[in-house]
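Below is one structure, written out as structure tokens; comments come after it.
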Amino acid sequence: QVQLVESGGGLVQAGESLSVSCRASGSIFTIHDMGWYRQAPGKQRELVAGITTGGSTNYADSVKGRFTISRDNAKNMVSLQMNSLKPEDTAVYYCNLKIVRLVDMVRGDYWGKGTLVTVSS
């Protein structure tokens, strides 16, 4: 079994910073791509940032220059540092990890339960 636990999130004012993290545990052989998605009320889930095994990153245009994704392979963790937050960044943020399980070497798509980020104006 594989478990994902997210931490961080909360309520901040516009212009402030916040960080969210996601740590995987359990039967893990290796983790390939990692990413953060978000879903605002009434909107579809969208990709915010992704990072490959090699460390290459990609960002949604709306967060470029403000958000930074990073990974710690030793801790099976992915983090998202969010600076200069705007009210439109308000959403539930979900981590997504492509994990190869140790028990059967099968790669699966795993999601965190989500953490709420609220940015007040």
In the stretch 1-35, what residues are out of contact with any Cys (no Cβ under 9 Å at 6 or more places or on another chain), polar (S, T, N, Q) and in a strand (DSSP E or B)?
Q3, Q13, S19, S25, T30
Of all residues in the stretch 79-121, which are in contact with a Phe, Trp or Tyr (Cβ under 7 Å, 6 or more places away or on another chain), within 16 Å of V48 (Cβ to Cβ) and not polar (S, T, N, Q)?
L80, M82, Y93, Y94, C95, L97, W111, G112, G114, V117
Identify, by number, the condition in (1) over 17 Å from the mean Cα position of the chain (by Cα); (2) modelled with pLDDT under 95 that G9 doesn't meet.
(1)
For the stretch 92-114, the count of residues that are in a strand (DSSP E or B), more than 13 Å from L18 (Cα to Cα) and under 16 Å from the mean Cα position of the chain (by Cα) equals 10
Of all residues in the stretch 60-91 being part of a loop (DSSP other than H, G, I, E, B) and among the β-branched types (V, I, T), which is most open to solvent (accessible area, probe 1.4 Å)?
T90
Within the stretch 13-48, how many residues turn out to be among the hydroxyl-bearing types (S, T, Y), more than 11 Å from N76 (Cα to Cα) and modelled with pLDDT of 95 or more?
3
Take the stretch 97-121 and flag every residue that is closer than 27 Å to M82 by Cβ, surrounded by 14 or more Cβ atoms within 10 Å (Cβ to Cβ) and of a type outside the set (S, T, Y).
L97, K98, I99, W111, G112, G114, V117, V119
Which of the residues belonging to the stretch 20-56 are farther than 13 Å from R71 by Cβ, open to solvent by 50 Å² or more (accessible area, probe 1.4 Å) and not basic (K, R)?
S25, G26, F29, Y37, Q39, P41, G42, Q44, E46, L47
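Those residues that are among the aliphatic types (A, V, I, L, M) and out of contact with any helix residue (DSSP H, G or I) (no Cβ under 9 Å at 6 or more places or on another chain), I need them from the stretch 25-47; list them, please.
Across the stretch 25-47, the qualifying residues are I28, M34, L47.
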Mind checking whether some residue in the stretch 52-70 is in contact with a Lys or Arg (Cβ under 6 Å, 6 or more places away or on another chain) and in contact (Cβ under 8 Å) with a residue 12 or more places away in the chain?
no
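The values are calculated or read from the model by the stated rules, or taken from the named source; none is laboratory data. Because the structure is a prediction, the values reported are computed rather than measured. Counting neighbours? That spans all protein chains shown, and the Cβs are built from the backbone with ideal geometry, glycine included. Heavy atoms of the whole protein, side chains included, go into the accessibility calculation; ligands, DNA and RNA do not. Shrake-Rupley method; radii C 1.70, N 1.55, O 1.52, S 1.80 Å.
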